[in-house]
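To keep things clear, I will list the structure first and then write my remarks on it.
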Amino acid sequence: MLRSTSSLLAPLTVVALAGAALLGLDGCSRTASCGDLVDGCEGTGESGETGEGTTTGGGGGGGLPLAVNKDVDILFVIDNSGSMGEEQAILAANVGSFIDVLEADQVEANYRIGITTTDNGNPWCPPGQTTPEGGQLVSSPCTERLGDFVFNNGEVDVRDLACNDICTLDPAELEILPTTTDVDPNPVARPWLERIEGHKNIPDGTSTAAAFACFGPMGINGCGFESPLESMYLALVRAQNIDEASYGFLRQNAILAVVIVTDEADCSYNKDFATIFEADGNKVFWSDPADSFPSSAVCWNAGVECSGDPSSYASCDPVNKDEDGNPGVGDAAAVLHPMSRYIGLLDGLEAEKQEISADNQVVVSLIAGVGVDGVPHYADVDLSDSEFQHSFGIGPGCTAPNPLDPNSPVEAVPPVRLRVLTEAFTPDNMFSICEADYSAALEAVAAQIRDQINPACYSQCAADSDPATEILEPSCVVKEDQPGQDPTEVPECLRDGQGYVIDPDTQDYAMPDDQTRVCYAALVDSQGLSADPRDDMSPECTDANFNLEFKVVRRPGFPAPGGTSMSAVCEVDEFPDLTCPGIGG
């Protein structure tokens, strides 16, 4: 058991950090241009942190630095153009492998999932013809948007394939329940899915995977000039605008993950240069200036340059081009928004998060036109497939049989701008959209997120108060310090003769009594010596040769108030080199 002691005490401080203004900004990212939104980013929100995630720092009387952060904000940007019906169906059917990783016992991520499309409009995609989301989060089930699953006047109809056959829940089972955010203490329905401390914002009987199967399919009537980078950008800007429904989606201490799913090249163009698409404009990027309307090749030709043998280019890379086709121009003259716009935004968000936790890194994942090995292939196909070349400006980056139509294989354009964004933050995190199953890809994407969720390893060698027993019995005092109140001692979670007790309702460590709102468990078994699996340490802590790990458990409905800190002071071993050799890894 954990007992109080007065000798050789080493303090550990755990702070609930999100009491400052979101991302330290007055409603907008410091790297984002709020003017990109129709209504700008007017207004400043006050923060009211709910303490859904905790991070340790060096405060609280010289506490040991230790990270305890399981908060993850995940943005899916899903291509909703006419060719994406089967791909959306595969994504929805396989997303369970993604959720399973996040909800695993050793992870238990406090996640939010927001979904938007690649549609930001275009001169050839006027409002009314498509429904440009412009980065707004979509939170309605596909069964309420069935018209979005019909393309080209009914020529393509995937209402069953991409929605009805996958979404089997009724409206009551898909209700978005009211929740609070770090910036809004008033419970309202939010345009995202979440699971915080084991509790979802959807009905108890509905799993997140089943809900995503209904909310995730975006339809196929979106603009064919896809702009996933701009959609990502605007979604993250909107989430920091007090007037937006998605305000508060981003948590200041949370890991940020962006997952982009598309089968075409990015076409995030600067609207000041819309003339590159217009029939009476500058057609320098058109495959054939004699055409009556542009193809998606404009997007490739306006933002990419390749080198080497065209039958298998050595490289293809982003380039700024002006409206006359001149390469290497400054960012302001680039017809496609420069990569600095998107990398800069994520860099800024990452820097803000790293002020709280130095190890916090933005995760970018891409399911697109790459091979099964995650490597894109670039080649012109004028001779072998002139229609594809004319349509997209390059040959396919991946190809696979189409079980629905053997005469029309699955093909996707290789990413360049999207590849560079992914490599800038999470190298080797690209997966093929041509695969018939995305389970492995989604599991790998979730693993990138999981690897950033670190357990609360106690970074000094805890002393054993009873060496006669086989399992470590540390001596610690744990306290919680809420703003404006005196520190209070936190009790240990309920134990019985067999070890820690699990609450049958929450499937988490049980509170010691009905009044307690927070308790802690001391995990001390690094080798499976005890019969109780609930005191087992995580591999991350044992691999680093720590001998104690903390788990803080809160009663559902009682998150930590903003600015709350927790500290643990434990007796440490006099001879750590002998007791905990190689501690810290």
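The values are calculated or read from the model by the stated rules, or taken from the named source; none is laboratory data. These numbers come from a predicted model, not from an experiment. Backbone-built Cβ (ideal geometry, glycine too); neighbour counts: all protein chains shown.
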Legend entry - Selection count, segment 105-132, where residues are at pLDDT 90 or above and farther than 24 Å from SER246 by Cβ: 2
Inset, instruction - Check whether at least one residue in segment 198-216 is part of a loop (DSSP other than H, G, I, E, B), buried (at least 24 other Cβ atoms within 10 Å of the Cβ) and assigned by TED's automatic domain parsing to the domain that holds PRO338, and report yes or no. - result: yes
Legend entry - Positions within segment 306-320 being within 31 Å of the chain's Cα centre (by Cα) and free of Cβ contacts under 8 Å to residues at least 24 places away in the same chain, in sequence order: VAL319, ASN320
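Show me the strands (runs of 3 or more DSSP E) found entirely inside segment 391-484 where at least 2 residues are buried (at least 22 other Cβ atoms within 10 Å of the Cβ) and modelled with pLDDT of 95 or more. Can you show your working first?
Values: elements: 398-400, 410-412, 430-432, 476-481.
In segment 391-484, 430-432 are the strands (runs of 3 or more DSSP E) which contain 2 or more residues that are buried (at least 22 other Cβ atoms within 10 Å of the Cβ) and modelled with pLDDT of 95 or more.
Select, from ASP505, ASP513, the only residue that is touching a Leu at 6+ places or on another chain (Cβ under 9 Å) and among the acidic types (Asp, Glu).
Details: ASP505 fails: touching a Leu at 6+ places or on another chain (Cβ under 9 Å).
Of ASP505, ASP513, the one residue that is touching a Leu at 6+ places or on another chain (Cβ under 9 Å) and among the acidic types (Asp, Glu) is ASP513.
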Inset, instruction - Mind listing just one residue for me: the one in segment 335-356 that is aliphatic (A, V, I, L, M) and not in a loop (DSSP other than H, G, I, E, B) and, of those, farthest from VAL416 (Cα to Cα)? - result: ALA351
Legend entry - When residues of segment 135-189 are limited to those that are of a type outside the set (Gly, Ala, Ser) and touching a Leu at 6+ places or on another chain (Cβ under 6 Å), the one farthest from PHE215 (Cα to Cα): VAL183
Inset, instruction - May I ask you to list the residues in segment 299-343 that are crowded, with 16+ Cβ neighbours inside 10 Å, in the same structural domain as THR118 (by TED's automatic domain parsing) and not hydrophobic (A, V, I, L, M, F, W, C)? - result: HIS337, PRO338, ARG341, TYR342
Legend entry - Unmet requirement for THR168, which otherwise passes all of (1) over 30 Å from SER538 (Cβ atoms); (2) buried (at least 18 other Cβ atoms within 10 Å of the Cβ); (3) of a type in the set (Ser, Thr, Tyr): (2)
Legend entry - Members of segment 513-554 that are under 26 Å from the mean Cα position of the chain (by Cα), of a type outside the set (A, V, I, L, M) and farther than 20 Å from ASP573 by Cβ: SER538, PRO539, GLU540, LYS551, ARG554
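Please work out if GLY325 is assigned to a helix (DSSP H, G or I) and either within 24 Å of ILE394 (Cα to Cα) or among the small types (Gly, Ala, Ser) (or both).
Working: assigned to a helix (DSSP H, G or I): no; either within 24 Å of ILE394 (Cα to Cα) or among the small types (Gly, Ala, Ser) (or both): yes.
Judged against the criteria, GLY325 is not a match.
Among the residues of segment 491-499, is there at least one that is closer than 27 Å to VAL107 by Cβ, without any contact (Cβ under 8 Å) to a residue 24 or more places away in the chain, in a loop (DSSP other than H, G, I, E, B) and of a type in the set (Gly, Ala, Ser)?
Taking segment 491-499 as the starting set, the residues that turn out to be closer than 27 Å to VAL107 by Cβ are 491-496, 498-499.
From the residues that got through so far, the ones that are without any contact (Cβ under 8 Å) to a residue 24 or more places away in the chain too are 496.
Filter again for in a loop (DSSP other than H, G, I, E, B), leaving none.
Checking segment 491-499: not a single residue is closer than 27 Å to VAL107 by Cβ, without any contact (Cβ under 8 Å) to a residue 24 or more places away in the chain, in a loop (DSSP other than H, G, I, E, B) and of a type in the set (Gly, Ala, Ser).
Which members of segment 294-321 meet the condition of being part of a loop (DSSP other than H, G, I, E, B) and under 23 Å from PRO228 (Cβ atoms)?
First, pick out the residues of segment 294-321 that are part of a loop (DSSP other than H, G, I, E, B): 294-296, 302-303, 308-314, 319-320.
If the condition is that a residue be part of a loop (DSSP other than H, G, I, E, B) and under 23 Å from PRO228 (Cβ atoms), then PRO294, SER295, SER296, ALA302, GLY303, TYR313, VAL319, ASN320 are the ones that fit.
Results for (1) assigned by TED's automatic domain parsing to the domain that holds GLN354; (2) surrounded by fewer than 20 Cβ atoms within 10 Å (Cβ to Cβ); (3) assigned to a strand (DSSP E or B); (4) not hydrophobic (A, V, I, L, M, F, W, C), shown as yes or no for each residue.
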| position | (1), (2), (3), (4) |
| --- | --- |
| ILE220 | yes, no, no, no |
| GLY224 | yes, no, no, yes |
| GLU230 | yes, no, no, yes |
| ALA235 | yes, no, no, no |
| ILE242 | yes, yes, no, no |
| LEU250 | yes, no, no, no |
| GLU264 | yes, no, no, yes |
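Of the residues THR143, THR131, which is of a type in the set (Ser, Thr, Tyr), surrounded by 20 or more Cβ atoms within 10 Å (Cβ to Cβ) and more than 15 Å from the chain's Cα centre (by Cα)?
That would be THR131, the only listed residue that is of a type in the set (Ser, Thr, Tyr), surrounded by 20 or more Cβ atoms within 10 Å (Cβ to Cβ) and more than 15 Å from the chain's Cα centre (by Cα).
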Legend entry - Filter result for ALA332 (farther than 27 Å from PRO217 by Cα and over 27 Å from the mean Cα position of the chain (by Cα)): yes
Legend entry - Yes/no for LEU472 being within 29 Å of CYS541 (Cα to Cα) and in contact with a helix residue (DSSP H, G or I) (Cβ under 7 Å, 6 or more places away or on another chain): no
Legend entry - Unmet requirement for MET511, which otherwise passes all of (1) assigned to a strand (DSSP E or B); (2) modelled with pLDDT of 90 or more: (1)
